Each structure stands twice: as structure tokens, then as C-alpha cells.
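Undergrad: Handing you a structure now.
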Amino acid sequence: MKILNFKFLAVAFALMTAAQLSLVSCSDDPGAENYYTSTSEYATDYLKGRDQYSLYVQILQRATGEKGNLRLIELLGTYGSYTVLAPTNDAVMSYLAMKGVSSVDELPKEDCDTLALNSILESVNFTSDPIFGQDLQNMLDQSVIFTADSITEIVDGKQVTPVYVNGSRLIAMDDSVSNGVVHTVNKVVETSTEMVAEYLDGDSNCSLYAQALKATKVDQLMSRVRDENYSVGSDSLDWTNDALVMSTATEYDNVAYMEHRYFKYTIFVCPDDVLKEKYGITTLDDLRAKAHELYDPVYPEDANVTDETDRRNALNRFISYHILDRYASYYNLTCVDGANSTLAINWNRRKWDIADWYETMMPYSIMKCSFPSGTQTGLYINRRGVQSRADERGVFVRGAKVTPTDQMDRINTCRNGVYHYIDDIIAYDENTQNVVLNERLRIDASTLSPDFMTSGARGHKTRSNYENGKYGIWDATSNHNNKQTCLGFKAGTAKNFEFNNNTHIHVRPRTLSFWSYQGDEVTVLGIFDFKVKIPPVPAGTYEVRLFTCVDFSNRGIIQVYIDDVPQGIPFDMRPGGVQLFGWKSDTALGDEDAIASFDKSIHNLGWMKGPKSYYSASSESGGTQGTCFRDAPNTIRKVLGTFVSDGKSDHYLRFQQKIESTKNAMNFDFLEVCPSSVYNNEYYAEDRW
């Protein structure tokens, strides 16, 4: 999601006095030690100084944007962090011929805008960085994906691996300039303008799911692209109100807002050959029969609903459960952010699979996405266990495995969404509801709104704040060039959240060493009063908990409500765990019996220690684990209350600030929605992980 006027927040690269070559060929990778160094040229100088890009320069000059103020040539000639995917003149001529014109001047200005914005990323991405298969955003807010062939070629006597970006081959790469990197491509980089259901229909591997989307008209539920009523208004790039100065934490949050609000969708597709091999399904009627087999036992009252556009119909439920109303790339469905994820070091993955939970487009349903380590590493849906074994309660369900993006047959992103291959059907059936989801759901606050993910705010490494896999260090000053720019949300622009203009909400970018689960958090400021929808869960009784970082003088005092019923007295977030409930370390408590007794006693009073599965890193460079959250007296869980789910209704939490100050904040890190079978089980105590 493009941040308003972000180009004026770009961070300068360090200049080197040593002379460097003005051109680095694809076989002369500059090496990590030379990244972010000056070649004495900015990207604009580099492009203008080489005849092979003259037509591309013309495109950049003609691209002026919706408001006529784009000025890309000027932008690429200043400090910043950019990746330029520059087509050669031959590539541009091929594009012009396809369009039936003979010069760039004959192209509509809108086409020049599209071509130019498609070719620039506001982040630096060398091919030696962990970018392959990653979902990167260009200036058009569309995805570009780098892929590499599995077969090498001999070029000029050297063995090379062909590299592509959205199907365009890089014929020269990693040419370092003082404000980023230039890759040369053999054809202009394009992104699909099709809607996601229409785009899926063009994949011959997935005809049955495409037919089901049409038959149920669920495809029509995914027709939105942009909120035309959204306006960023008069807000500046940064929120300079003193409320954002966190003096105790010596932090200052710069907050930007979205320039546009987009709607995007994610579809999980079981390919035709998998359906045939595993289930003998070859026709839409076969798929209908399978849908009834899965859903009629769970919803017997709806078994005879024959109208397939009715949300209660079995086929409608089947296909809807495979869809999320948010944009989710392979590496954003959990916080594993790459094949060699830096953030994953913060987990004890021998005891806990990294996981997140999401509401689907099937009404009142939820799915689990997990990324285990070990022999079965990868992304799975509706998996339960740890690594390749059963969890501590003896349960193991493999789930459906998601195919990595760079292993798919085509680019899987388009104008308003993305789709992923899965190796099995997923369903909200009896096994999913009664076995897979019969566990503690630890739901990160950054996943609670589709807008947090579609905008790129969740785990965002966007624009200047993320450089080649390094998590940023929080700026301790009110410096408006702070790389750690947060993304803010106005009232009415974060689905599942209800709040007024006295409430300020922003999502922080990830950092490794702070006391934030998954590295990020949602920060709420002002004299706030907001509601958030609890993700739907199967029928049963649930306890709801808030994980938060306390013991900061700028925290708030909050009154909590569940479905508008107040839950106890207000929660003062300013003291630490020692003051709140007599926190004691496991070491001080001694043996297992004493630890279990203490845990039970504080739980009865409405408190829990932080989870044992997660650590903050020892430094912003990562590499080693720091403090375990269970061992930190300022990372605690507050038991908010209980609710009873019928599996067919929505439930809400409400948080109300009781301090009359705009400077006090709520650290909203994650919710736990825990079934009574876990927290009130006479045979198995709830685990500490």
C-alpha cells in the first residue's frame, strides 16, 4: 500500500569515497559488503547515461500520475531506496508493437503511468537477498515476484541461473546505484489487471474450483478493488502530536496513512489433478457431492438448501471456506518472512509451531495457518501438532500443504488478489472444528483486520524501513526521517474495528528485540473507545485473554467489555507484573509443583505469565534469543472474561480508556481465545508454551 508522500521520507544511503564502477554486470555481483554504497550515480543518472534505456526514460518522463505530480525522473534522482526494473529499448519496442503504436509519445499517458509504476519498488532488492518467491509491492501497489529457473544455462562461457520478475527475464542484474539497484529486463514488467476469480479461471490446473466460484456466485463477492469513498484528507505524513512521544520507552512513532484503501482476496485452490487422485473428483457434480459429504453432518438443518448462491448451501460453504477477504502472500500468512526467516529465531520451534488464525469468507468460520520446522517444514492449513509429531495432548493432524509461490506454474497475483495451490481439500468440517481448533488460539492483533494485511501494515517491511532482511532499530528522537514509519488507520478503514475520531490506531513495523510477539503490535492512543470483533470459533465456552507489555508510565487504564458487558474493574497497564499480581520467576518458585500452584493461583485472579514459546532477540541483528516472555515480568496475559459461542454469532471486545490524556497508549499485541477443554481440563493442565 503506497504511503502518502512517502518519497519525501526516504532515507539517505551512506556515501563512500572509494571510486566504483558505473556498471555491474549480472556476473559481477557487488557482494553484500558493497550494498548501499554510492557509485556516484543515482538511478536517474544511470538510466539517462545509457542509450539502451532511452525509451524507458521517455516513459518515466511521461508518467505524471493521477494528480499530475508523480515526477519519477526527479524521484529516482534523489536519496531513497529503490529497485528499478528497467526494460531495454528492444523490450519497449516490442511492447509498442503489441499495442499497435510506433513511439512512446503515441501511448496513452495512463499506460505510461502503469508501465512506470510497475517497474519501481520503494525498497532495495538485490538477487543475492532472500527475495525469491517473496511478495514484493511496486509503486502501483501490485505484486512483483522474483523467480529463478531450476536449470542453469551457459552464457558467455559462464554458468548462470536464469532469473525472472513477473515473467520478464533479468538480462543484467544487481547494478548498484547510490539510491538502490537497477535490474535490466528483456520485456516490460507487467501485472495482471484481472479480478482474482477471473484470473484463476485462466489457470487450466484449477478448472473445478473456478466452476464452483461461478456456480455459487462467490466470484461476485470478490469484485471490489478500491474504496472510492476513502480520502486521506489533510493528514500529513507524520503524526507530530506529542501523544506519539513515548518518553518512558524513549520511542517516537512516525505514522503515515494509506493513500488509497484497497480490497483484495486470497484463494486456496486444490488443483484438478489432486482432486482426481485423492478423491476421484473429475466434475463439478463430484465436487458438489463432496461438499455435501463434508458439511451436511455439521449443518444438518441446511442439507436441503439447493440454491447454490445461498451462503448456507454446501457447495457455497465449501468454496467460501477456501477464501480470505485479505491479501496474504505465502510468507505473510504466518510471521515466517522468508526461506531463512530472521524472526523465526525468536521461537522455541521444538515445542511450538508458528501459527496464525483467520476468519474465512464462509460465514462464522476460521482456519489455522502454521509453519512448522523440522522434516515437514512449510506452510500448512488446519494442521495440529508440533514439527512432525503430535502435540502435548497427543494430537497430530497434517493439514493441507501450501505450494510455495516460486514453485507454481504461473505468477499467482493479479489486480485484487492472489491464489495458492494446496495439496488437499480444506473444510470447516467436524474434524476441523472438534479436533484442529480444539486448542488455544493465539491471534495476533495485526491479523484482526483484513485492512492491516491488505495494506501491508502487518509485518510490514515496506518502503524505507526494511533493508535487505534487517529489522530496524527504533529511533529515540522525534526525527521525521525515522525509518520506522508505522501505518495508521482512520475510523471506518479497518474492518472488524469500530472506533471514533478520538481513537488513534496504528500498526508498528516489526522489530526483533522489543517485547512484541511476532515482532509487531497494534498501538492505540488517545481517549480511545473501540470495539474489535473476536474471530469466529466453533460452539463452546471460551476464555479471552489479552497479551500486552506493561510497566511503562505511558500505558493506559482500560475498561474491558465482552459483548457490551463490563468485565471486572479497569486494568491499569502502567505497573509491572510484580505489582499487578506478585509475579515470580519459575527459578525463584523452584520445583514443578510450586510453579503449577503459582500459575493456578494467579489464573484464578485473572492473570497469566507470558508464553514460554517466544523470546525477544538479544539484538536488532537477531541471531540469538534474548529474554523468554514467560521470564519477563512486563510481558503478561490479562484474563478478560469468558463468552459462549453458538458457532453462528459474532462476539465483540470493547476497550475504553479511563485516563483523560492523549499521551497514554494501549499495547495491543495478541488475543488468546481458549476453549474450556484447555483451560478447565481436569486431566491436562494448560501448557506454558
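Undergrad: Can you pull out the residues in the range 666-689 that are touching a residue at least 24 places away in the same chain (Cβ under 8 Å), open to solvent by 50 Å² or more (accessible area, probe 1.4 Å) and of a type in the set (Ser, Thr, Tyr)?
TA: Selection gives Tyr679, Tyr684.
Undergrad: For the range 343-355, name all the residues that are buried (at least 21 other Cβ atoms within 10 Å of the Cβ) and β-branched (Val, Ile, Thr).
TA: Ile354 - this is the single residue of the range 343-355 that is buried (at least 21 other Cβ atoms within 10 Å of the Cβ) and β-branched (Val, Ile, Thr).
Undergrad: Could you grab me the full set of residues in the range 97-125 that are in contact (Cβ under 8 Å) with a residue 40 or more places away in the chain, part of a helix (DSSP H, G or I) and within 36 Å of the chain's Cα centre (by Cα)?
TA: Of everything in the range 97-125, those that are in contact (Cβ under 8 Å) with a residue 40 or more places away in the chain, part of a helix (DSSP H, G or I) and within 36 Å of the chain's Cα centre (by Cα) turn out to be Lys109, Cys112, Asp113, Leu115, Ala116, Leu117, Asn118.
Undergrad: So which helices (runs of 4 or more DSSP H) stay within the range 553-606 end to end and still have 2 or more residues that are open to solvent by less than 30 Å² (accessible area, probe 1.4 Å)?
TA: Qualifying helices (runs of 4 or more DSSP H): 577-581, 592-604.
Undergrad: With respect to the numbered conditions (1) modelled with pLDDT of 50 or more; (2) surrounded by fewer than 20 Cβ atoms within 10 Å (Cβ to Cβ), which one is the sole condition not fulfilled by Ser449?
TA: Exception for Ser449: condition (2).
Undergrad: I've got another one for you. Would you point out which residue out of Lys264, Lys278 is surrounded by 15 or more Cβ atoms within 10 Å (Cβ to Cβ) and at pLDDT 95 or above?
TA: That would be Lys264, the only listed residue that is surrounded by 15 or more Cβ atoms within 10 Å (Cβ to Cβ) and at pLDDT 95 or above.
Undergrad: Can you spot a residue in the range 378-387 that is closer than 25 Å to Asp203 by Cα, touching a Leu at 6+ places or on another chain (Cβ under 8 Å), part of a strand (DSSP E or B) and open to solvent by less than 10 Å² (accessible area, probe 1.4 Å)?
TA: no
Undergrad: Specify the residue that is farthest from the chain's Cα centre (by Cα); the eligible residues are those in the range 534-552 that are over 19 Å from Arg637 (Cα atoms) and hydrophobic (A, V, I, L, M, F, W, C).
TA: If we take residues in the range 534-552 being over 19 Å from Arg637 (Cα atoms) and hydrophobic (A, V, I, L, M, F, W, C), then Ala539 is farthest from the chain's Cα centre (by Cα).
Undergrad: Here's another thing I want to ask about it. Of all residues in the range 613-665, which are among the hydroxyl-bearing types (Ser, Thr, Tyr), open to solvent by less than 20 Å² (accessible area, probe 1.4 Å) and within 24 Å of the chain's Cα centre (by Cα)?
TA: Ser613, Tyr614, Ser616, Thr635
Undergrad: Next question. Which of the numbered conditions does Ser513 fail, given that it passes all the others? Conditions: (1) at pLDDT 95 or above; (2) in contact with a Gly (Cβ under 8 Å, 6 or more places away or on another chain); (3) open to solvent by 30 Å² or more (accessible area, probe 1.4 Å).
TA: (1)
Undergrad: Working carefully through the options Asp593, Asp586, Asp631, Asp529, find the one that is of a type outside the set (S, T, N, Q) and in contact with a helix residue (DSSP H, G or I) (Cβ under 6 Å, 6 or more places away or on another chain).
TA: Answer to the selection: Asp586.
Undergrad: Filter the range 513-529 for residues that are among the charged types (D, E, K, R) and closer than 13 Å to Ile443 by Cα and give the result.
TA: Of everything in the range 513-529, those that are among the charged types (D, E, K, R) and closer than 13 Å to Ile443 by Cα turn out to be Asp520, Glu521.
Undergrad: How about the range 56-83: which of its residues are part of a helix (DSSP H, G or I), under 24 Å from Ile145 (Cα atoms) and touching a residue at least 40 places away in the same chain (Cβ under 8 Å)?
TA: Within the range 56-83, Tyr56, Ile59, Leu60, Leu72, Leu75 meet the criteria.
Undergrad: Can I ask one more? Which numbered condition trips up Val678, out of (1) in contact with an Asp or Glu (Cβ under 7 Å, 6 or more places away or on another chain); (2) over 22 Å from Val544 (Cα atoms)?
TA: Failing condition for Val678: (2).
Undergrad: Scan the range 304-340 for residues that are among the basic types (Lys, Arg), surrounded by fewer than 18 Cβ atoms within 10 Å (Cβ to Cβ) and in contact (Cβ under 8 Å) with a residue 24 or more places away in the chain and jot them down.
TA: Answer for the range 304-340, where residues must be among the basic types (Lys, Arg), surrounded by fewer than 18 Cβ atoms within 10 Å (Cβ to Cβ) and in contact (Cβ under 8 Å) with a residue 24 or more places away in the chain: just Arg311.
Undergrad: Would you check if Lys531 is open to solvent by 40 Å² or more (accessible area, probe 1.4 Å), outside any loop (DSSP other than H, G, I, E, B) and closer than 20 Å to Asn501 by Cα?
TA: yes
Undergrad: Here's a follow-up. Spot the failing condition for Glu392; the list is (1) part of a loop (DSSP other than H, G, I, E, B); (2) modelled with pLDDT of 95 or more; (3) not hydrophobic (A, V, I, L, M, F, W, C), and only one is missed.
TA: Here Glu392 clears every test but (2).
Undergrad: Please go through the range 391-410 and pick out each residue that is open to solvent by less than 40 Å² (accessible area, probe 1.4 Å) and over 14 Å from Val336 (Cβ atoms).
TA: Within the range 391-410, Asp391, Val395, Val397, Gly399, Ala400, Thr403, Met408 qualify.
Undergrad: Considering only the range 667-689, how many residues are under 24 Å from the mean Cα position of the chain (by Cα), at pLDDT 95 or above and in a strand (DSSP E or B)?
TA: Qualifying residue count, the range 667-689: 6.
Undergrad: Could you please give the count of residues in the range 404-446 that are modelled with pLDDT under 95 and under 20 Å from Val298 (Cα atoms)?
TA: Total satisfying the criteria: 0.
Undergrad: On to the next question. Do we have Ala86 as at pLDDT 95 or above, of a type in the set (A, V, I, L, M) and in a strand (DSSP E or B) here?
TA: Answer is yes for this residue.
The values are calculated or read from the model by the stated rules, or taken from the named source; none is laboratory data. This is a predicted model, so every value here is computed, not measured. Neighbour counts are summed over all protein chains in view; Cβ atoms, including those assigned to glycine, are modelled from backbone coordinates with ideal geometry. The accessibility values were calculated without ligands, DNA or RNA, using every heavy atom of the protein model including side chains. Shrake-Rupley method; radii C 1.70, N 1.55, O 1.52, S 1.80 Å.
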